[in-house]
Amino acid sequence: MGLRQAIRLRRERRQRQWRAFRKRRQLKPVADRTAKIGARDVIVFCTLRNERIRLPYFLRYYRDMRVGHFIFVDNDSTDGTRDYLAGQPDCSVWTTKASYKAAAFGIDWLNHLLRKYGTGHWTLTVDPDEFFVYPFCDTRPIDALTDWLDTYHLRSFPAMLLDMYPKGPIDAVPYREGQNPFEIASWFDAGNYMISRNRKMQNLWIQGGPRARVFFAEDPAAAPSLNKTPLVKWQRGYVFASSTHMILPRGLNMVYDEWGGEKASGCLLHAKFLSPLSAKVAEEMQRREHYAGSREYEAYSARLETEPDLWTKWSEKYINWRQLEILGLMSKGNWA
């Protein structure tokens, strides 16, 4: 990396730090239990709005993984999300009525809280419909993974977003509160992924899956990115630059092996395509608070009326993380 580019990236990082510092005033504490965070706790960070129905399973899933604490930013929910989370003994909750879009789609708020409460901890930044899967997750808690990463002085861990969907129309089977979403959305695309390298940020850019195949069939290059770096040993100078797709300093994005080997990686099982999606699409089409003028939600709105079934004869039914490794969607690397 040349000197000029290094200066530009350093300037961008400082600008994002300053943005996060200014946006901290938009956050009002609802339940601050951060004094309970243990020195070795893995912490989940999450921004959300009107996700009450998803929360019981989300919390159970990550508690079973041995996450120590949860930090939420509630963006003016109206469905009881805020009160439900405030009643959970391992959750700290902030609320804001400010614009999600103007806060870099919520990442300014999280960058502030990550700096204040995540520094020195392994942090897992996810959406409420994202479920982290990593090698040996069926037998080893998340702190076994972070201990291994610490041993090898690794500061970040990648996970490809894997869109899950049901067989049949998305609304055909209503999702029940507390239910494992993958009892319904148990299918995924095993192939049709495009990978390129972002030279500026040094991350891999991944697109494809059912969203590219169905919702962006005419322009797959415009499909949402699937590459994420959700698990990070946070330090004060770090900032997410585009959701969890990219992070600064850019060395944290270099989570792949350039020399023909294979570094360990995971997946985020994405439970977006369930019955609550229809109401979410209608709401977000009104709010227009998402990326690129809510282009993704426009695609959902247009296609779900005519093509509500994402399943094809090439769809793969999810079994476990070992299946994803065999398919090349994640890797255990040299973690044995």
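The values are calculated or read from the model by the stated rules, or taken from the named source; none is laboratory data. Bear in mind that the values here come from a model prediction, so they are computed numbers and not experimental data. Positions of Cβ are backbone-derived with ideal geometry, glycine not excepted, and every protein chain shown enters the neighbour counts. Surface areas here come from the heavy atoms of the whole protein model, side chains and all, with no ligands, DNA or RNA. Shrake-Rupley method; radii C 1.70, N 1.55, O 1.52, S 1.80 Å.
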*Amide H contacts under 5 Å for residue 47, placed H, 5+ residues apart*: 73
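Cα gyration tensor of segment 1-89, axes a ≥ b ≥ c as square roots of the eigenvalues: rounded (a/c below 1.5), prolate (a/b > b/c) or oblate? Please list the in-between numbers first.
On the way: a/c = 2.36, a/b = 1.78, b/c = 1.33.
Taking the square roots of the gyration eigenvalues as a ≥ b ≥ c, segment 1-89 is prolate.
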*asked:* Starting from 0.36 nm per residue, how many nanometres of slack lie between residue 262 and residue 278 once their C-alpha separation is accounted for?
replied: 1.9 nm
*So if R0 is 35 Å, what FRET efficiency would residue 22 and residue 286 give, r being the distance between their Cβ atoms, rounded to the nearest 0.05?*
0.80
*Dimensions in Å of segment 295-336 - Rg and Dmax from alpha carbons*: 16.1, 46
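Write down the accessible area per residue of the chain in Å², having rolled a 1.4 Å probe over the full set of protein chains. Present the calculation step by step, with values, prior to reporting the outcome.
Details: 15160 Å² over 336 residues.
Value for the chain: 45 Å² per residue.
Can you say what percent of the DSSP beta bridges in segment 3-327, counting only those with both residues inside, are antiparallel? Round to 5. Please report the intermediate quantities before stating the final value.
Working: 26 of 46 bridges.
Bridges in segment 3-327 are about 55 percent antiparallel.
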*Under 15 Å from the Cα of residue 167, which aspartates and glutamates turn up, not counting those fewer than eight places away in the same chain?*
183, 189, 307, 309, 316
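Quick one: if the Förster radius is 25 Å, what FRET efficiency do residue 15 and residue 222 give, using the C-beta to C-beta distance and rounding to 0.05? Mind showing how you got there, number by number?
On the way: r = 27 Å, r/R0 = 1.06.
Computed FRET efficiency for residue 15 and residue 222 comes out at 0.40.
How would you order 32-40, 78-86 from highest to lowest mean count of nearby Cβ atoms within 10 Å? Walk me through the numbers on the way to the answer.
Details: 32-40: 11.9, 78-86: 17.2.
The peptides rank, most packed first, as 78-86, 32-40.
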_Debye-sum result for segment 175-271 in log10 I(q)/I(0), which assumes one identical scatterer on each alpha carbon, at q = 0.10 Å⁻¹_ = -0.35
*Taking the Cα centre of segment 212-262 as origin, work out the dipole magnitude from +1 charges on Lys and Arg Cβ and -1 charges on Asp and Glu Cβ, in debye rounded to 20.*
360
*Assigned charges on the beta-carbon of Lys, Arg, Asp, Glu; segment 3-327 dipole about Cα centre (debye)*: 1880
*Label-point separation, residue 306 to residue 336 (7 Å along Cα→Cβ), nm*: 5.4
*Mind checking which of 122, 89, 185 is farthest towards the positive end of the chain's charge dipole, using Cβ charges of +1 (Lys, Arg) and -1 (Asp, Glu) about the Cα centre?*
122
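In the chain, carbon and sulfur make up what percent of the accessible area (probe 1.4 Å)?
Numbers: 7580 of 15160 Å².
Answer for the chain is 50 percent, counting heavy atoms of protein chains only.
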*Using 0.36 nm per residue, how much length does the chain from residue 30 to residue 8 gain when fully extended, once their Cα-Cα distance is taken away?*
4.2 nm
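Per-residue counts of other Cβ atoms within 10 Å, averaged by peptide: what ranking do you get for 203-210, 188-195, highest first?
Working: 203-210: 20.9, 188-195: 16.2.
Order by mean packing, descending: 203-210, 188-195.
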